[in-house]
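Computed from the coordinates by the stated procedures, all read-outs in this text should not be read as laboratory data. Quantities reported herein were computed from a predicted structural model and do not represent experimental measurements. Quick reminder, even Gly has a Cβ in these numbers, built from the backbone with ideal geometry, and neighbours come from all protein chains shown.
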Amino acid sequence: MADPIRTTALTLKAGGEDRIRALDLTLSARGTTVIMGPNGAGKSLLLRLLHGLIAPTSGTIHSTGRQAMVFQRPVMLRRSVEANLLFALRRGPYAQDAENKCREMLTEISLNTRAKQPARSLSGGEQQRLALARALSLGPEILFLDEPTASLDPTATLAIEKTVQRSADAKTKIILVTHDQGQARRLADEIIFLHNGQLCEHTLAAEFFEAPTSQQARAYLAGQLVL
């Protein structure tokens with residue numbers, strides 16, 4: 001099991017500006033953490049820092065356990081749906097039973113009838129479901145998701161959310177960036193709210209939506225512009 005994720009004075013400078021400003025965070029090893037905030041708040045940058053895709057300018061990150069990440073725009077290999085998933089399965093904890101696990105996972109995400117189809121011919125929602133299954137096939141203890149349902153229709157969004165919730169119920173730590181307040185209400189156990197790279201709130205989801213303490217969060221939830 002992964003340990004709690006901790007950051008100390010986590011800072012990222014880019015273009016002469018502080019994009020992430022001295023964040024001190026402790027995230028539990030279980031449950032779903034949703035990162036919210038207006039455009040330019042630093043949400044995706046924080047996700048990439050936590051996953052180790054970019055290095056901080058200063059500060060520290062303590063994170064253990066296997067990790068995987070799903071981006072807003074999935075990248076499909078130039079091969080079939082089945083082969084995309086098998087590529088990951090053969091490199092993870094299911095390698096010894098990759099073909100059986102592949103069939104099981106494709107059925108779970110309703111792509112079993114598309115197994116031999118080129119992955120790049122799938123719809124956006126289908127590609128995102130495949131990308132999520134591919135990430136989960138690595139057996140991550142921490143799963144990072146960057147706007148995984150942006151631009152998807154409600155049916156595709158629901159399918160993704162069900163898979164994310166099943167993963168959380170199976171004790172995978174979920175860290176999710178979203179602009180969708182409804183999605184955050186449905187999935188989040190806790191909320192991190194950022195504004196201009198600063199941590200404004202880090203609290204239980206129910207408390208955040210019922211009684212946000214920062215002016216920025218109150219404005220954001222009210223649909224106002226947050227400058």
> Helix-derived [θ] at 222 nm for the chain: sum -39500 (n - 2.57) over DSSP H runs of at least 4, divide by residue count, nearest 500?
Replying inline: -10000 deg cm²/dmol
>> Taking the number of other C-beta atoms within 10 Å as the exposure measure, put I20, I174 in order starting with the fewest.
In response: I174, I20
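Work out, step by step, the length gained on full extension between A14 and N39: first 0.36 nm times the residue separation, then minus their alpha carbon distance; give nm to one decimal.
On the way: separation 25, 0.36 × 25 = 9.00 nm, distance 1.64 nm.
Length gained between A14 and N39: 7.4 nm.
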> So how tilted is helix 98-108 from the main axis of the chain? Cα-based, degrees 0 to 90, rounded to 10.
Replying inline: 70 degrees
> For the residues C102, C200, what sequence is obtained by ranking on other C-beta atoms within 10 Å, fewest first?
Replying inline: C200, C102
> Measuring from centroid to centroid over Cα atoms, what is the spacing of region 1-36 and region 112-138 in Å?
Replying inline: 30 Å
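Arranged from highest to lowest average of other beta-carbon atoms within 10 Å per residue, in what order do the peptides 7-15, 218-226, 136-144 appear?
Working: 7-15: 15.6, 218-226: 13.4, 136-144: 20.9.
The most tightly packed comes first, giving 136-144, 7-15, 218-226.
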>> Of the candidates E17, E147, E207, which one comes out as most mobile in a Gaussian network treatment of the chain with C-alpha springs shorter than 10 Å?
In response: E17
> Using modelled backbone amide H atoms (1.01 Å from N, in-plane), which distant-in-sequence or interchain residues come within less than 5 Å of Q72's amide H?
Replying inline: D146
> Got a sec? How would S167, S151 order by Cβ neighbour count within 10 Å, fewest to most?
Replying inline: S151, S167
> Expressed as an acute angle from 0 to 90° and rounded to the nearest 10, what is the orientation of the C-alpha long axis of helix 124-136 relative to the principal long axis of the chain?
Replying inline: 90 degrees
> Relative contact order for region 83-178: what is it in percent, counting Cα pairs under 8 Å that are at least 6 residues apart?
Replying inline: 29 percent
> What order, most packed first, do the peptides 80-87, 108-115 have when packing is the mean number of other Cβ atoms within 10 Å of each residue?
Replying inline: 80-87, 108-115
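With an 8 Å cut-off on Cα pairs and a minimum separation of 6 or more residues, tell me the relative contact order of the chain in percent. Please report the intermediate quantities before stating the final value.
Numbers: 433 pairs, mean separation 62.4, N = 227.
That works out to 27 percent.
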> When the label point is put 7 Å from the Cα of R166 along its Cα-to-beta-carbon vector, which residues of region 61-78 have a backbone N closer than 11 Å?
Replying inline: none
>> Rounded, prolate or oblate for region 67-181? Axes are the square roots of the Cα gyration tensor eigenvalues, ordered a ≥ b ≥ c, and the cut-off for rounded is a/c under 1.5.
In response: oblate
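Tell me whether region 144-197 comes out rounded, prolate or oblate; compute the Cα gyration tensor, take square roots of the eigenvalues as a ≥ b ≥ c, and use a/c under 1.5 as the rounded threshold. Don't jump to the answer; show the numbers that get you there.
On the way: a/c = 1.94, a/b = 1.16, b/c = 1.67.
Here region 144-197 falls in the oblate category.
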>> For P(r) over Cα pairs in 5 Å bins from 0, in percent, one of (1) 1, 7, 14, 17, 16, 12, 10, 9, 7, 5, 2, 1, 0; (2) 1, 7, 14, 18, 19, 16, 12, 7, 5, 2, 0; (3) 1, 7, 15, 20, 22, 18, 11, 5, 1, 0 was computed from the structure I shared and the rest are decoys. Which label?
In response: (2)
>> With angles folded into 0 to 90 degrees, how steeply does helix 154-169 sit against the dominant principal axis of the chain? Use alpha carbons for both and round to 10.
In response: 80 degrees
>> Between region 174-225 and region 76-93, what is the separation of their alpha carbon centroids in Å?
In response: 35 Å
>> Can you work out the Karplus-derived ³J(HN,Hα) for every residue in region 178-195? Use 6.51 cos²θ - 1.76 cosθ + 1.60 with θ = phi - 60°, whole Hz, and x for glycine or proline.
In response: 8, 8, 7, 5, x, 5, 4, 5, 6, 10, 6, 8, 9, 10, 10, 10, 10, 8
> S214 label point, 7 Å along Cα→Cβ, cut-off 20 Å on backbone N: hits in region 150-180?
Replying inline: 175-180
